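*Asks:* Starting off with a structure, shown below.
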Amino acid sequence: MGADRRQLLKGLSMGGLAIAMAPRDAAAEQHAARAKAGSSVPIAPSAALEVDPAPSAPTAAPAPAGLAAPPSARPKYVSDFMVDALQTLGITTVAEIPGSTFAALQESVINRGMLSDPAMTMFGVTHEEISVAFAHGYAKVTGEPAAAMVHSTVGLQHASMAIYNAWCDRAPVMVLSGSVTNPEGRESWVDWLHAVSDGPALTRDFTKFDETPRTIGHFAESLMRGYQMAMVPPQGPVVLALDLDLQEQEIAAGTPLPKVRKPKVSAPQGDLGAVREAAAMLAKASAPVIIADRAIRSEAGMALLVELAELLSAAVIDAGGRMNFPWRHPLNQSSRKTTALRQADVVLALEVQDLAGTAKPATTARKISISTYDYYLKANYQAFEALAEVDLAIAGDAEATLPSLIEAVRQALAVEGRAAREARAASLASAHLAALAASREAAAIGWDAQPITTARVWAELYDQVRDKDWALLGGCHFEGLWPQQLWDARKQYQFIGDSGGYGLGYLPGAAVGAAYAHKQHGRLPIVFGGDGDFMMAPGALWTAANHQIPLLYLVHNNGGYHQEIMKIQQQANARNRGVRRATTGCVLPHIDYSQLARGMGVAAQRVTDPADLRAAIRRGLDIVSRGEPALIDVVSQGR
């Protein structure tokens with residue numbers, strides 16, 4: 001391993017090497033040539049088949065107040081109105097795999113929404129789970145919902161896992177499910193198989209709101225209510241089942257149209273009296289600890305959390321549901337959370353889902369919780385975790401409550417305690433540096449080993465992107481949490497957490513949706529995720545290639561479902577049966593993910609030798625810099 005490894009890991013401080021311009025991937029060039037030549041591309045319809053290939057300027061009456069102005073002004077069909085209403089709420093990004101039960105809505109998106117200003121963008125996907133995951137990732141970057149259009153019954157069934165992830169992850173997602181509730185409108189036996197009287201019942205246990213509108217006015221109300229429910233913390237997914245008969249219905253001339261307006265959504269704040277009580281507890285603490293999970297949604301919110309931590313000289317543990325706190329801030333004690341919690345006398349938990357588990361080492365500390373999550377629960381799916389012992393539970397959105405908490409703490413702090421707080425801050429800063437040094441030493445272990453260590457992947461990657469405007473699109477739990485230990489993240493958008501429900505199949509679609517959201521800002525989207533997760537929804541790569549979404553996707557190819565392998569080994573050891581056969585049913589051997597990616601139009605490489613990793617990353621970054629997706633299949637260790 002020698003000097004190269006030591007130099008790179010020494011503070012991970014050397015500047016990123018200049019990236020040489022690499023030649024285009026040969027397979028990608030061939031794919032582009034075939035597409036240009038028309039190979040396997042559907043024949044475009046004859047111009048004679050177009051009813052109105054060059055629409056004239058609108059002459060009809062203007063759209064009703066509150067609606068976006070579409071190309072033909074007044075909507076002719078209810079599905080046209082639905083599209084206008086979505087645009088008015090700012091929902092202009094749509095992901096879908098075609099389904100006959102929303103054909104009218106899709107046609108209106110194509111011939112109305114996509115020709116409007118602002119124009120809608122429709123992303124084709126290969127599975128409904130990808131469409132919802134796409135909207136999930138998009139929402140976590142932008143803070144606004146995208147729409148996922150899914151077919152009735154079988155489409156919603158496919159989408160249900162992704163909806164559950166969004167529910168657990170508190171992500172605002174708008175799911176528009178088709179529906180054929182009128183038996184007389186079912187033209188074939190397939191229509192009967194795909195019909196359901198109450199489609200949203202399937203996902204009702206893990207959505208914030210659902211409705212099956214019966215009229216155009218009912219739709220307008222349901223959409224606005226659904227938007228508000230999705231956006232008000234705790235945020236979450238909503239499902240609207242849109243009947244095909246209603247979508248296809250013509251709007252008679254002169255019929256008054258419902259008003260649709262985008263409301264300004266305000267997050268609920270904690271009770272001021274309770275906030276002052278919390279401030280008094282924190283001000284008197286000798287070892288306060290702040291735990292933040294899905295607490296911060298904005299740059300301003302992260303700045304507030306930094307201000308509170310510095311005011312208190314409090315240790316901060318970022319539980320990783322979102323990017324809550326700068327990773328290299330001296331008060332960040334995430335790498336030594338067990339020690340920090342054992343020493344704590346007061347713990348402030350901000351939107352912590354599993355407080356009982358996360359704060360378990362703090363056995364003697366008084367605990368304060370500020371959260372909205374605990375007050376919107378459904379008891380069938382146990383996403384709320386074990387009930388934690390809390391001394392003061394404040395119902396309110398953590399980010400929205402931070403300004404009043406900061407002011408209350410400022411008033412409660414005693415001047416004579418400043419020296420103690422400064423000493424505490426210095427001690428925490430020293431501990432942070434010691435933890436960083438230990439992480440660097442740990443990352444050096446097995447540097448030249450094969451399969452490649454996850455630490456080397458993250459270290460080599462950071463050395464080449466550190467000076468770029470990068471953003472990580474997935475959790476790093478199964479890849480060693482090395483970015484949190486080694487990288488320097490200072491922007492809230494640089495990390496959006498994991499799936500929420502830990503359901504496999506989330507990451508490919510969510511990464512593509514998040515990458516699209518970052519594209520308009522010119523950021524470098526990066527994900528390093530498991531092979532098992534990838535194989536659940538590899539078709540997301542086709543969406544990235546087809547829509548030219550720049551994304552660097554590294555596959556953590558450890559050859560199987562490593563978490564489950566460890567569980568089987570644990571069971572076998574407990575029963576004295578040995579671990580030799582424990583991989584049975586848990587492996588994914590001999591899959592070349594680079595070939596799979598190339599088949600969908602994504603330039604890809606496979607790396608087995610750690611000595612080849614740096615050059616492969618350089619080539620991948622060059623491809624992404626051209627505005628294209630790239631994949632690197634890294635044959636790597638289990639964790």
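The values are calculated or read from the model by the stated rules, or taken from the named source; none is laboratory data. Nothing here was measured: the structure is a model prediction, and the numbers come from that model. Here the Cβ positions follow ideal geometry from the backbone for every residue, glycine too, while neighbour counts run over all protein chains shown. Calculation scope for accessible area: heavy atoms of the full protein, side chains included, ligands and nucleic acids excluded. Shrake-Rupley method; radii C 1.70, N 1.55, O 1.52, S 1.80 Å.
*Asks:* State, to one decimal in nm, how far the label point of ARG626 lies from the label point of TYR381, with both points 7 Å from Cα in the Cβ direction.
*Replies:* In this crude spin-label approximation the distance works out to 4.1 nm.
*Asks:* Nearest 0.05, what FRET efficiency do ALA423 and ASN546 give at R0 = 56 Å with Cβ-Cβ as r?
*Replies:* The calculated FRET efficiency here is 0.45.
*Asks:* Moving on to the next point. Please state the relative contact order of the chain as a whole percent: Cα pairs under 8 Å, 6+ residues apart?
*Replies:* Worked out over the chain, it gives 15 percent.
*Asks:* Per residue, how much accessible area does the stretch 240-339 have with a 1.4 Å probe, in Å²?
*Replies:* Here the residues of the stretch 240-339 average 41 Å² of exposed surface.
*Asks:* Follow-up question, since we're still on this one. Mind checking which lysines have their Cα closer than 20 Å to the Cα of LYS360? Skip sequence neighbours fewer than 8 apart in that chain.
*Replies:* Correct list for LYS360: LYS337.
*Asks:* Could you pull the Cα extents of the stretch 207-307 along its three principal axes, largest to smallest, in whole Å?
*Replies:* Projected onto the principal axes, the Cα atoms of the stretch 207-307 cover 70, 25, 23 Å.
*Asks:* May I ask for the longest run of the chain untouched by GluC sites (Glu not before Pro) that are loop-located per DSSP and have at most 12 neighbouring C-beta atoms (other than their own) within 10 Å?
*Replies:* 390-639
*Asks:* Using a Förster distance of 30 Å, how high is the FRET efficiency between ASN573 and HIS477, based on the Cβ-Cβ distance and rounded to 0.05?
*Replies:* 0.85
*Asks:* If you don't mind, there's one more thing I want to ask. Eigenvalues of the Cα gyration tensor times 5, then square-rooted: what semi-axes does that give for the stretch 380-496, in whole angstrom, largest first?
*Replies:* Semi-axes from the Cα gyration tensor: 35, 23, 16 Å.
*Asks:* When a/c is below 1.5 the answer is rounded, else prolate if a/b is larger than b/c, else oblate, so apply that to the chain with a ≥ b ≥ c taken from the square roots of the Cα gyration tensor eigenvalues.
*Replies:* Oblate, since a/c reaches 1.5 and b/c is not below a/b.
*Asks:* Take the cross-link list LYS264/LYS378; LYS208/LYS262; LYS262/LYS378; LYS140/LYS264; LYS140/LYS259 and give me the ones stretching past 24 Å between alpha-carbons.
*Replies:* Among LYS264/LYS378; LYS208/LYS262; LYS262/LYS378; LYS140/LYS264; LYS140/LYS259, the Cα-Cα distance tops 24 Å for LYS264/LYS378; LYS262/LYS378; LYS140/LYS259.
*Asks:* Now for a different question. Relative to the first principal axis of the alpha-carbon coordinates of the chain, what is the inclination of helix 562-574, with its axis defined by its Cα atoms, in degrees from 0 to 90 and to the nearest 10?
*Replies:* So the helix axis and the longest Cα principal axis differ by about 60 degrees.
*Asks:* For the residue pair THR338 and LYS491, what label-to-label distance in nm results when each label sits 7 Å from Cα along the Cα-to-beta-carbon direction?
*Replies:* 3.5
*Asks:* Note the angle between two axes, namely the Cα long axis of helix 128-142 and the longest principal axis of the Cα atoms of the chain, as a number of degrees from 0 to 90, rounded to the nearest 10.
*Replies:* Taking the Cα atoms of the chain, the angle to 128-142 is about 60 degrees.
*Asks:* Let a ≥ b ≥ c be the square roots of the eigenvalues of the Cα gyration tensor of the stretch 169-266; is it rounded (a/c under 1.5), or, if not, prolate (a/b larger than b/c) or oblate?
*Replies:* Because a/c hits 1.5 or more and a/b fails to exceed b/c, the stretch 169-266 counts as oblate.
*Asks:* Roughly what would the spin-label model give for THR255 and HIS521, points 7 Å off Cα along C-beta, in nm?
*Replies:* 4.2
*Asks:* While we're on this one: Net charge near TRP327, counting Lys/Arg +1 and Asp/Glu -1 over other residues with Cβ under 11 Å of its Cβ?
*Replies:* Result for the neighbourhood of TRP327: +1.
*Asks:* Below 19 Å, Cα to Cα, which aspartates and glutamates can LYS491 reach? Residues fewer than 8 away in the same chain don't count.
*Replies:* Leaving aside aspartates and glutamates fewer than 8 places away in the same chain, those within reach of LYS491 are GLU144, ASP293, GLU299, GLU307, GLU310, ASP318, GLU399, ASP463, ASP467, ASP469.
*Asks:* In nm, what is the difference between 0.36 nm times the number of residues separating ALA300 and TRP192 and their Cα-Cα distance?
*Replies:* Additional length available on full extension: 33.8 nm.
*Asks:* Taking amide hydrogens as modeled 1.01 Å from N in the peptide plane, which residues meet the under 5 Å criterion relative to TYR77, leaving out close sequence neighbours?
*Replies:* The list, which skips near neighbours in sequence, is ILE251.
*Asks:* Show me, for the stretch 223-228, the HN-Hα J-couplings you get by feeding each phi into the Karplus relation (A = 6.51, B = -1.76, C = 1.60, θ = phi - 60°), rounded to Hz, glycine and proline as x.
*Replies:* Once θ is set to phi - 60°, the couplings for the stretch 223-228 become 5, 5, 5, x, 4, 4 Hz.
*Asks:* Next question, about the same structure. Helix 154-168 against the longest principal axis of the chain: what's the angle in degrees, Cα atoms only, rounded to the nearest 10?
*Replies:* 30
*Asks:* Going by amide H atoms built from the backbone, whose H comes under 5 Å of the H on ILE290, apart from near neighbours?
*Replies:* Counting only residues 5 or more places away or on other chains, the set is ALA315, VAL316, ILE317, LEU348.
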